[in-house]
Amino acid sequence: MAAKKAASKIHTDPNAVTKMVKALALFIDCIDFTGGIMLDEGKNPVPCVDPEWYDLGDAYVQACEALGRTPKGLPRAEPTFEQVTAVIAYAKEKGKDWKAKLNADWLRAAAMIKGRHSPLLQQVRNQFGPEWLAKFDGRRYQLPE
């Protein structure tokens, strides 16, 4: 019944399509801001920020297809410039043993990583994990080890 009511409103609202496009674009932008999507072990698209939310990954891919946009986050070999910049900022803020501190924050799923770089650091954790962090050479960026 609710779907019928919604469908009838679409037919009577001359701006319905514009509103739907804006809503889809906003939805896509929200997922993109949090890192986009990645493929889980079963090769299903899932949001980087919450890999257990399977249906959200599918909805995101469909929304991108509907608007002719490319889904963000499938798969990358290395973090983006913005993600590496967030890691560097964290390292400079934490100083010596920053890798151990970041890894500990990640293991606690620390939304407590404070600051504007928090979403980017979570993306790095979700997309690349502790293995990437262990291999990351901070000396290239003159970071303390």
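Within the range 20-50, can you find the residues that are free of Cβ contacts under 8 Å to residues at least 24 places away in the same chain and touching a strand residue (DSSP E or B) at 6+ places or on another chain (Cβ under 8 Å)?
Asp40, Val46, Pro47
Go through the range 51-68 and report how many residues are part of a helix (DSSP H, G or I) and in contact with a strand residue (DSSP E or B) (Cβ under 8 Å, 6 or more places away or on another chain). Full working, then the answer.
Kept after step one, since they are part of a helix (DSSP H, G or I), are these residues of the range 51-68: 54-67.
Filter again for in contact with a strand residue (DSSP E or B) (Cβ under 8 Å, 6 or more places away or on another chain), leaving 54, 56-58, 60-61.
Final tally of qualifying residues: 6.
Under 7 Å between Cβ atoms, at least 6 apart or on separate chains: pull out the pairs that start in the range 128-143 with a residue that is in the same structural domain as Leu39 (by TED's automatic domain parsing) and farther than 17 Å from Ala89 by Cα and end on any residue that is modelled with pLDDT under 85 and not in a helix (DSSP H, G or I).
none
For the range 64-75, indicate whether the set of residues that are under 30 Å from Arg139 (Cβ atoms), loosely packed, with under 14 Cβ neighbours inside 10 Å and outside the structural domain of Asn126 (by TED's automatic domain parsing) is non-empty.
Yes, the conditions are met somewhere in the range 64-75.
Between a first residue in the range 86-99 that is under 23 Å from Gly35 (Cα atoms) and a second residue that is of a type in the set (Asp, Glu), which pairs have beta carbons less than 8 Å apart while being 6 or more apart in sequence or on different chains?
From the range 86-99, the pairs are Lys99/Glu145.
For the range 69-144, list the helices (runs of 4 or more DSSP H) that sit wholly inside it and hold at least 1 residues that are in contact with a His (Cβ under 8 Å, 6 or more places away or on another chain) and at pLDDT 85 or above; which are they? Don't jump to the end; show me each part of the working.
On the way: elements: 81-94, 98-107, 118-135.
Counting at least 1 such residues, we get 81-94.
Would you please name the residue that is nearest to Val49 (Cα to Cα), looking only at residues in the range 82-102 that are surrounded by fewer than 16 Cβ atoms within 10 Å (Cβ to Cβ) and over 14 Å from the mean Cα position of the chain (by Cα)? Walk me through it before giving the result.
So the first thing to find is which residues in the range 82-102 are surrounded by fewer than 16 Cβ atoms within 10 Å (Cβ to Cβ), and the list is 82, 85, 89, 92-93, 95-97, 100.
Retained after the next criterion (residues that are over 14 Å from the mean Cα position of the chain (by Cα)): 85, 89, 92-93, 95-97, 100.
On the way: Thr85: 19, Ala89: 20, Lys92: 24, Glu93: 23, Gly95: 26, Lys96: 28, Asp97: 26, Ala100: 22 Å.
Within the range 82-102, the match that is nearest to Val49 (Cα to Cα) is Thr85.
The values are calculated or read from the model by the stated rules, or taken from the named source; none is laboratory data. Since this is a predicted model, take the numbers as computed values, not measurements. No Cβ is skipped: glycine too gets one built from the backbone with ideal geometry, and neighbour counts run over all protein chains shown.
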